[in-house]
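Worksheet: one structure, shown below.
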Amino acid sequence: MKPKKSLGQHFLTNGASAARIVEAAQIGKEDWVVEIGPGRGALTGFLLAQADRVIAIEIDEKLCDLLAAQFGSQLKLVSEDVRRVNLPALVAPRDKAILVGNLPYHITGALIGQITDARGVWKRAVIAVQREVGQRMIAQPGSKTYGVLSIATQVRCTARRLFDLPPAHFFPAPKVHSSVLMLDFEAPSAYDIADEKRLFGVVRAAFQQRRKMVRNALAHVVDEEILRSAKVDGHARPETISIAGYERICRALATR
């Protein structure tokens, strides 16, 4: 079946890599698994061999027909754009599930937000993403790739890169490498965030003008007194400020 460019389809074809991704997910016989973008089923067969139940979300109706023919009633198929799927409702009545997927490049950012927004229903997620996106997700302060995605990911889970996948492991071969990341949603959080909405509002405002000093980038939000109270150098660039630093700014704001 020919991949659809409009859907950003790059099918995983390397069996060893598929097995490695599923092994990393640490699936037990009692686990439910949600698979995003099963494509031709490279991961699906391995998942079905490990899990109690696999729910696969696939937008392409022809691929759904192919998967249904291949796996039958073993596999629960949801023929829908994953961005329109209520993930917590899909997992119910289970409290927790494991998410696995080769995320479409063109909607990766939106999907990561959707997955981490639903962090209460996941044990962990093992996802393949464009390598640049993976770098942004785990970037630390001071890195050129550190930004809103880094902070949003790291506040909501513990993220780490497991391994990379070359273009040759996909069909059609993309122009970029992919990275497989583990997102652990059950590990204790490294951050005590009082108001996540406020935090992300401040972070987004700062990174909209990331080349400016933070006192200028946030001039419409904070003043020098707030920054001093938060022990944040107003001359620093947004990409040099830690998550803890942004949280201190938010807590100082909350006292106003």
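The values are calculated or read from the model by the stated rules, or taken from the named source; none is laboratory data. Predicted model only: the values in this text are computed from it and were never measured. Here Cβ is always computed from backbone atoms with ideal geometry, including for glycine, and neighbour counts include all displayed protein chains.
With respect to the conditions (1) outside the structural domain of ASN216 (by TED's automatic domain parsing); (2) surrounded by fewer than 20 Cβ atoms within 10 Å (Cβ to Cβ), SER179 falls short on a single one, namely (2). Does ARG156 satisfy the condition of being farther than 29 Å from ASN14 by Cβ, surrounded by 18 or more Cβ atoms within 10 Å (Cβ to Cβ) and within 11 Å of the chain's Cα centre (by Cα)? Judged against the criteria, ARG156 is a match.
Of these, ARG136, ARG161, which one is out of contact with any Asp or Glu (no Cβ under 9 Å at 6 or more places or on another chain), within 18 Å of SER179 (Cα to Cα) and without any contact (Cβ under 8 Å) to a residue 24 or more places away in the chain? Don't jump to the end; show me each part of the working.
Values: ARG161 fails: without any contact (Cβ under 8 Å) to a residue 24 or more places away in the chain.
After ruling out the rest, the residue left standing is ARG136.
Among the residues here, GLY28 does not qualify as closer than 21 Å to ASP164 by Cα and in a loop (DSSP other than H, G, I, E, B). Is region 16-23 home to any residue that is assigned to a helix (DSSP H, G or I), over 23 Å from ALA173 (Cα atoms) and more than 21 Å from the chain's Cα centre (by Cα)? Checked against the condition, which is being assigned to a helix (DSSP H, G or I), over 23 Å from ALA173 (Cα atoms) and more than 21 Å from the chain's Cα centre (by Cα), region 16-23 yields no hits at all.
A single member of GLY147, GLY134 is over 20 Å from ARG53 (Cα atoms), of a type outside the set (S, T, N, Q) and under 9 Å from the mean Cα position of the chain (by Cα), and it is GLY134.
Within region 83-128, the set of residues being among the aromatic types (Phe, Trp, Tyr) and modelled with pLDDT under 95 comprises TYR105 only. The C-beta contact set for region 198-227 (first residue closer than 23 Å to LYS144 by Cβ and not assigned by TED's automatic domain parsing to the domain that holds SER143, second residue of a type in the set (Asp, Glu) and modelled with pLDDT under 95, distance under 8 angstrom, 6+ apart or interchain) comprises ARG215/GLU224. Could we say that GLY72 is surrounded by fewer than 20 Cβ atoms within 10 Å (Cβ to Cβ) and in contact with a helix residue (DSSP H, G or I) (Cβ under 9 Å, 6 or more places away or on another chain) here? Answer is no for this residue.
Among the residues of region 187-215, those that are of a type in the set (A, V, I, L, M) and exposed (fewer than 14 other Cβ atoms within 10 Å of the Cβ) comprise ALA187, ALA190, ALA194. Per the listing VAL148, VAL91, VAL129, the residue uniquely surrounded by 15 or more Cβ atoms within 10 Å (Cβ to Cβ) and under 17 Å from LEU47 (Cβ atoms) is VAL91. In region 168-185, the condition of being within 19 Å of ILE127 (Cβ to Cβ) and without any contact (Cβ under 8 Å) to a residue 40 or more places away in the chain is met by no residue.
Output yes when any residue across region 105-114 is polar (S, T, N, Q), assigned by TED's automatic domain parsing to the domain that holds GLU80 and over 10 Å from the mean Cα position of the chain (by Cα), and no when none is. The answer is no, given that none of the residues of region 105-114 is polar (S, T, N, Q), assigned by TED's automatic domain parsing to the domain that holds GLU80 and over 10 Å from the mean Cα position of the chain (by Cα).
Give the residue, chosen from LEU47, LEU63, that is touching a residue at least 60 places away in the same chain (Cβ under 8 Å), buried (at least 18 other Cβ atoms within 10 Å of the Cβ) and of a type in the set (A, V, I, L, M, F, W, C).
Going through LEU47, LEU63 in turn, the sole match is LEU63.
Just checking, how many residues over region 198-229 are among the aliphatic types (A, V, I, L, M) and within 22 Å of ALA139 (Cβ to Cβ)?
Number of matching residues: 9.
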